[in-house]
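The values are calculated or read from the model by the stated rules, or taken from the named source; none is laboratory data. Because the structure is a prediction, the values reported are computed rather than measured. Positions of Cβ are backbone-derived with ideal geometry, glycine not excepted, and every protein chain shown enters the neighbour counts.
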């Protein structure tokens, strides 16, 4: 955890509605540091990591305009576990460093660290509390197939790369059940917001 901040880790399986929840915290002037956004930022043109990736995996992973061709990179590492491991070893330290920098700079009573792999990548070590957005696995599958227009096998492969629903629930300090009616969600976020405000003042 950073010295300066009260950090709440926010996570949930794919299709759980984690972004909807983090957006509701943001409307309450709470800074949200989003690992997915940071993962995209660190490979923007001009970032040292993009040059390193091109040197490591070849310039075929770049679009003609110099931006990262994510589909090409995914295809390259998908069938080669050693390349996938190599990619992770390059990406994770850069993402972690940027996340910690943004957490340090955040100025709100507490900060949300939103990460789909919060527990898997041990990012919860920087958090005082962890909030899991939870839905049944059948809901995860249905929502993700509709949202991303992908087939069942792809969704199941992503879910297998994440902790199980039970593992996340066992580790959480707070849980939001996002299978409840959507019109109750804002009030439940507000209750958690007040709870975290109280804790951050102690």
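Could you identify the single residue in 20, 27 that is in contact (Cβ under 8 Å) with a residue 60 or more places away in the chain and within 30 Å of residue 193 (Cβ to Cβ)?
Result: 20 is the single residue among 20, 27 that is in contact (Cβ under 8 Å) with a residue 60 or more places away in the chain and within 30 Å of residue 193 (Cβ to Cβ).
Which one of 72, 94 is touching a residue at least 24 places away in the same chain (Cβ under 8 Å), outside the structural domain of residue 157 (by TED's automatic domain parsing) and at negative phi?
From the options 72, 94, the qualifying one is 94.
Going residue by residue through segment 132-153, is there one that turns out to be under 26 Å from residue 93 (Cβ atoms), touching a strand residue (DSSP E or B) at 6+ places or on another chain (Cβ under 9 Å) and not assigned by TED's automatic domain parsing to the domain that holds residue 93?
yes
Select, from 121, 88, the only residue that is without any contact (Cβ under 8 Å) to a residue 12 or more places away in the chain and either out of contact with any strand residue (DSSP E or B) (no Cβ under 6 Å at 6 or more places or on another chain) or assigned by TED's automatic domain parsing to the domain that holds residue 19 (or both).
88
Name the residues in segment 99-115 that are assigned to a loop (DSSP other than H, G, I, E, B) and surrounded by fewer than 22 Cβ atoms within 10 Å (Cβ to Cβ), would you?
106, 107, 108, 109, 110
Of all residues in segment 5-37, count the ones that are closer than 13 Å to residue 117 by Cα and outside any loop (DSSP other than H, G, I, E, B).
7
Which residues, taken from segment 167-187, are free of Cβ contacts under 8 Å to residues at least 24 places away in the same chain and more than 17 Å from residue 9 (Cα to Cα)?
180, 181, 182, 183, 184, 187
Enumerate the helices (runs of 4 or more DSSP H) found wholly within segment 123-202, keeping only those where 1 or more residues are at pLDDT 95 or above and more than 21 Å from residue 34 (Cα to Cα).
165-171, 185-200
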